[in-house]
Amino acid sequence: MFARMALATLLLTLLISGCTPAPKPEIRIGTNIWPGYEPLYLARNLGWFRESGVRLVEYNSSMETMNALSHGSIEAGALTLDEVLSLAQDGVDLRVVLLLDVSNGADAVVAQSGIDNPEKLRGRTIGVESSAVGGYIIHRMLEKSGLTLQDVHILPLTLDAHKAAFTSKRVDAIVTFEPIKSHLLANGGKVIFDSSLIPGEIIDVLAVRSEVFDAYPEAFAELTEKWFQALAYMQNQPDDAARRMQPRLRVSLDQLGQQYAGLQLGTLQMNLSFFNNATNPPVKKAEHLAQVMRSDGLLHRDLDLNRLFAARNMYAGHGGHRP
Amino acid sequence: MISLASLKWLPIRMLLPFALLLVSGAIIGGFWWFEVKREMAAIEREVVSLQLQDMHRLVGHLQSLLLNGELKNIASELSDFGSEPNMQYILLTRPDGHILAASRLGWVGQKTDALEEPVLPVLLQHRKQGKQNHVYVSEDGMTVWAHYLITYPPENDSLRSRDFGELIGKFDLALTKQAARHRIEQWVSLFATLVLGSAFLLWLAMRYAITRRMNQLIAAANQASKGNFSARAGLEGSDELAQIGKAFDSMIERLGRETMRQRQLSHAVENMAESVLITNAKGVIEYVNSSFTRISGYSAEEAIGQNPSILKSGKHPTEFYKALWRHLSQGKVWTGRMTDRKKDGSLYLATVSIAPLLGADGRITHYVGVHEDISEQQKMEMQLMQAQKMESLGILVGGIAHDFNNMLAGMVGNLYMARKAAKDLPEITQKLARVEKLSFRAADMIKQLLAFARKDTVQLKTLDLTSFIKEAYKLARVAVPEDITCLSYVSNDPLCIECDATQVQQMLMNLLGNARDALRNVSEPKIILDLQPYEPDATFISQHPEATSVSYAMLSIKDNGCGIPDDVIERIFEPFFTTKGVGHGSGLGLSMVFGTMQSHKGIIEVESKPGLGSSFRLFFPISDKSAIHDMPDKSKVWRGNGERLLLADDEPLVRDTISEMLCIDGFTVDVVDDGLDAVEQFCKRPDAYDAVILDVVMPGMGGVDAAQKMREVRPDIPIIFATGYDREHVLRGVEGLPGIVSLSKPLHSETLHQTLTKLLHKNFGRSDT
């Protein structure tokens, strides 16, 4: 008789513990407006984040994202790798968990008509967002065309000033990216250098505060799954996807396709080859970037880049798995 | 309302754990419900209070930004507010309703009602419900709304603006509340597990400390109730249960002892030889033991419920019983004798003792009666009395007879001599002869009396009774008249017994005489004589405990005469008791038989039914010696021839008589008056004497001692003992020795002659008379 009572109470206990499950941890991901980050918003729009604790915090610039991440106001952020390194330099302990996109022409140097190659920029003014990406592109362009920084004149410009500066011919060339790039090209600009010439060097990643990642690795595994599912949705239902993604990007539906030209969204394959690459591990890429940033004065100390990519264990089991 | 007391059906080891679970369950349930409610309320309060602060700051900031026209900063401000805890969205509308800035960048520029989120209708509803606060909780408690009106700078340069935009914020409490609920549930399950574990431990503890031990007690109690008083609980410890167990054990032990004792007592009563009956205060029998049934013949079923008056014999008057009950009702014990009646109607004498039993209040509740059947005892008492009577009669009679006999001896002797002296005077001789005859008859009678008193000389010889009776019967039949049929059934086998032939003859004569007398006036009178061997059975032995012999010769004489009535039959063996008229019987016949059988170590049985007849049975113990055929030879008489005899007798008359007798017959007689003189005389010239005649009882030295002394001097001297009365033990030691004969007084001359003939025959030759 006692056994029966014990069983009943045990069931009751299990019932209780099963009553209200623990809520998923709150993960606030900060992004600015960038086509490469939009699949996240597609996922939100489709309601895939409803049961999870993922909240997308919409910033207007990556600077806000970086500030929020640094202050702990958000748990993760979609940033370019150089931005991640800058934060790392400031003492923010981050983990790179997902390769969001690779710039493959999206970042470009648009020159005024008449200037058809970077060599012609000798002694000219180049407008650029004072960010690491811009500086990196200039650096690589100059490197590839045998110029040095002294040979050119750099004019820092915020993103919203790019259009005006170009049309007013204040600058001879400008380092920019979509959607502004398309606008400038429409106004007679010409691409003289872009990220397709330095493939795989300009990447956007999802960086997470290390203590959050360590506490909830399964939440990020779930998130990356949803990311890949979003990419698949874009593939399978491009029109519906476009409709959902349009509001934030502020382009018309037909223009949307163009937004992704020159941009490679980070598929599972790309993520696997990025993280599990033995010969060219991500650490090496980061080191390369760090070197450039150091020489540009964007970084003023050495960083432990291994910590940054410690999250690669997440992909270890995925070797050989086709999405 | 279920009270714990009504849970008696639950085993104790379950009770406490069950109660614990029940109570804990209630507490946990209560806590859970209460805590959840409290927590939910707390969350709402907390969020509201937090947002009140935050929103207030935001609003202030936005106002100033608006004033300065810093739209970009407004956008970043709202974007940044997007990371606020619980934030779903926040938006700021322009006075025209379009969204100026929002945390959802995609909403910028749209109208609130164009959104997929039902923003405005909700707010409208709230406003209708009269919600005044800027930050408030929704109806379902899942949302916190923030609603502020923002003042826009006036379009034109007027002082007071009438343009208001709306700042709307939605905070989602779902996740926070879920987290809180989860936390509480975790606590609840932890507590439930702890409670369960405690209950189990408690159950275990109860099981060991109480249940197991209680079961021991229960088992012992069950055993005891079945009657096994050796059951013990055997609980150790000093708690209440152990105390109960110890008390129980000692109780059972005492109970066992009491029961044992009761059983023993009731067993004892049941098996008592005496009959026990217990009645209640009203005299109704409640219990009788087995002896009661055995003695009275009433079974327990027949007796219980009856009154003891079923035993009333009718021999006691009513006053007797009244006195008995009066005595008892005073609370005293009554003892005495009474005659009871058995179920078959026969009566028996009983020693009775009745005791009243008092109850706790001192009143009589029962009577216990013990009846001891003393009919056997009574019979034995009577037998003893009878024996004693006969014994004293014997002594009396013997004493008289002895003296009488001595006088007779003198008479007979003198008469003999007188006859001899007066043989020429026939008139005198005739008269003398008559006197002699009478004196012989007197002597005979005395002899019979002496036989009764067992004081006569008994010479037991081994005799074949079969042949003897055949002869004796022939002789005795002469006295029986012709018209009486005499039958005899004598066994063919010889039956050797130790007996005195004369006395047996006499007995036969007496018995036949009595039978003859009883058959007077009887048609078809018959006398049957029967002589058979007899082996005693248990009944015979129980009736005659003195019957020590293994086999007997039974001589029975039966007649179909008038029989002996019951009131007479007790006295038939008393001397001088007779039913015959004066002169027809001396009343000594049967007493002689009685005494004779006593000395022969035999047994008499009498059976008689008035009108039908009587039967006398004499049992002689069978001898293991063979019979000596020794018939007295009357043909040879020897006269004396100057043989010298020594005569010793303390009675001068006897002395003179006998010596004269012997002198006449040609003997020389030396006379002394006591044993000492006899010895002295003899020792002077032992060889001079041919025989010695000694009186047994003499002063100084008795005949036996004198004879012994003489025998020391001359071992072969023939000795004749003359005895007046015989105590067997007096002659013991010398009887049966060669050359010694004992004769009883009065000494007949013939007997004396015969004896002398026999004794001196060896020493002298025979000569014809």
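The values are calculated or read from the model by the stated rules, or taken from the named source; none is laboratory data. Only a predicted model underlies this, so the values are computations on that prediction, with no experimental measurement involved. Every residue, glycine among them, receives a Cβ derived from its backbone with ideal geometry; neighbour counts consider all protein chains shown.
Some points to look at:
Residue by residue, here is whether (1) part of a loop (DSSP other than H, G, I, E, B); (2) loosely packed, with under 15 Cβ neighbours inside 10 Å; (3) among the hydroxyl-bearing types (Ser, Thr, Tyr) holds:
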residue: B:Glu301; (1), (2), (3): no, yes, no
residue: B:Tyr321; (1), (2), (3): no, yes, yes
residue: B:Leu324; (1), (2), (3): no, no, no
residue: B:His327; (1), (2), (3): no, no, no
residue: B:Gly331; (1), (2), (3): yes, yes, no
residue: B:Thr335; (1), (2), (3): no, yes, yes
residue: B:Met338; (1), (2), (3): no, no, no
residue: B:Gly345; (1), (2), (3): yes, yes, no
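- Helices (runs of 4 or more DSSP H) wholly inside segment B:691-769 containing at least 1 residues that are at pLDDT 70 or above, outside the structural domain of B:Val397 (by TED's automatic domain parsing) and of a type in the set (Val, Ile, Thr): B:703-713, B:749-761
- Yes/no for B:Leu357 being part of a strand (DSSP E or B) and either at pLDDT 80 or above or assigned by TED's automatic domain parsing to the domain that holds B:Ser591 (or both): yes
- Number of residues in segment A:180-200 that are crowded, with 20+ Cβ neighbours inside 10 Å and assigned to a loop (DSSP other than H, G, I, E, B): the value is 1.
- Only listed residue being free of Cβ contacts under 8 Å to residues at least 60 places away in the same chain and part of a helix (DSSP H, G or I), chosen from B:Asp140, B:Asp54: B:Asp54
- The residues on offer are A:Glu58, A:Glu64, and the sole one that is touching an Asp or Glu at 6+ places or on another chain (Cβ under 8 Å) and within 8 Å of chain B (Cβ to nearest Cβ) is A:Glu64.
- Checking B:Trp203 against (1) more than 12 Å from chain A (Cβ to nearest Cβ); (2) aromatic (Phe, Trp, Tyr); (3) buried (at least 17 other Cβ atoms within 10 Å of the Cβ), the condition it does not meet: (1)
- Qualifying residue in segment B:13-36 (condition: within 14 Å of chain A (Cβ to nearest Cβ), farther than 30 Å from B:Trp203 by Cβ and not basic (Lys, Arg)): yes
- Residues (among the β-branched types (Val, Ile, Thr) and touching a helix residue (DSSP H, G or I) at 6+ places or on another chain (Cβ under 7 Å)) located in segment B:48-75: B:Ile74
- For segment B:275-299, filtering for residues that are under 22 Å from B:Thr365 (Cβ atoms) and buried (at least 16 other Cβ atoms within 10 Å of the Cβ) leaves 10.
- Screening B:Leu92 against (1) in contact (Cβ under 8 Å) with a residue 40 or more places away in the chain; (2) within 14 Å of chain A (Cβ to nearest Cβ); (3) surrounded by 21 or more Cβ atoms within 10 Å (Cβ to Cβ) leaves a single unmet condition, (2).
- Of the criteria (1) touching a Lys or Arg at 6+ places or on another chain (Cβ under 8 Å); (2) within 30 Å of B:Ala231 (Cβ to Cβ), which one B:Thr259 fails: (1)
- Residue identified as more than 9 Å from every other protein chain (Cβ to nearest Cβ), surrounded by fewer than 19 Cβ atoms within 10 Å (Cβ to Cβ) and at negative phi among B:Leu67, B:Leu62: B:Leu67
- Residue in segment B:123-135 that is modelled with pLDDT of 85 or more and on the phi < 0 side of the Ramachandran plot present: yes
- Meets criteria (buried (at least 21 other Cβ atoms within 10 Å of the Cβ), at pLDDT 85 or above and in contact with a helix residue (DSSP H, G or I) (Cβ under 8 Å, 6 or more places away or on another chain)) for A:Arg248: no
- Tally, over segment B:494-534, of residues that are farther than 19 Å from B:Leu463 by Cα and out of contact with any Pro (no Cβ under 6 Å at 6 or more places or on another chain): 18
- Count - residues of segment B:76-89 that are crowded, with 20+ Cβ neighbours inside 10 Å, of a type outside the set (Asp, Glu), facing another protein chain (nearest Cβ under 8 Å) and not in a loop (DSSP other than H, G, I, E, B): 2
- The number of residues in segment A:273-323 that are in a helix (DSSP H, G or I), closer than 28 Å to A:Glu218 by Cα, at pLDDT 80 or above and not basic (Lys, Arg) comes to 7.
- Residue within segment B:410-424 that is surrounded by 12 or more Cβ atoms within 10 Å (Cβ to Cβ) and over 30 Å from B:Thr723 (Cβ atoms) present: yes
- Whichever residue in segment B:554-585 is closer than 20 Å to B:Ala451 by Cβ and touching a residue at least 40 places away in the same chain (Cβ under 8 Å) and, among such residues, is surrounded by the fewest Cβ atoms within 10 Å (Cβ to Cβ): B:Lys580
- Residue check for B:Met40: within 14 Å of chain A (Cβ to nearest Cβ) and modelled with pLDDT of 90 or more: yes
- Take the conditions (1) within 17 Å of A:Ser61 (Cβ to Cβ); (2) of a type outside the set (Ser, Thr, Tyr); (3) surrounded by fewer than 19 Cβ atoms within 10 Å (Cβ to Cβ); A:Arg170 misses just one of them, which is (1).
- Number of the exception - A:Asp90 against (1) over 10 Å from the mean Cα position of the chain (by Cα); (2) within 14 Å of chain B (Cβ to nearest Cβ): (2)
A quick yes/no check of all residues on (1) of a type in the set (S, T, N, Q); (2) surrounded by 16 or more Cβ atoms within 10 Å (Cβ to Cβ); (3) not assigned by TED's automatic domain parsing to the domain that holds B:Val593:
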residue	(1), (2), (3)
B:Phe404	no, yes, yes
B:Glu427	no, no, yes
B:Phe468	no, yes, no
B:Glu482	no, no, no
B:Val490	no, yes, no
B:Leu495	no, yes, no
B:Gln503	yes, yes, no
B:Leu508	no, yes, no
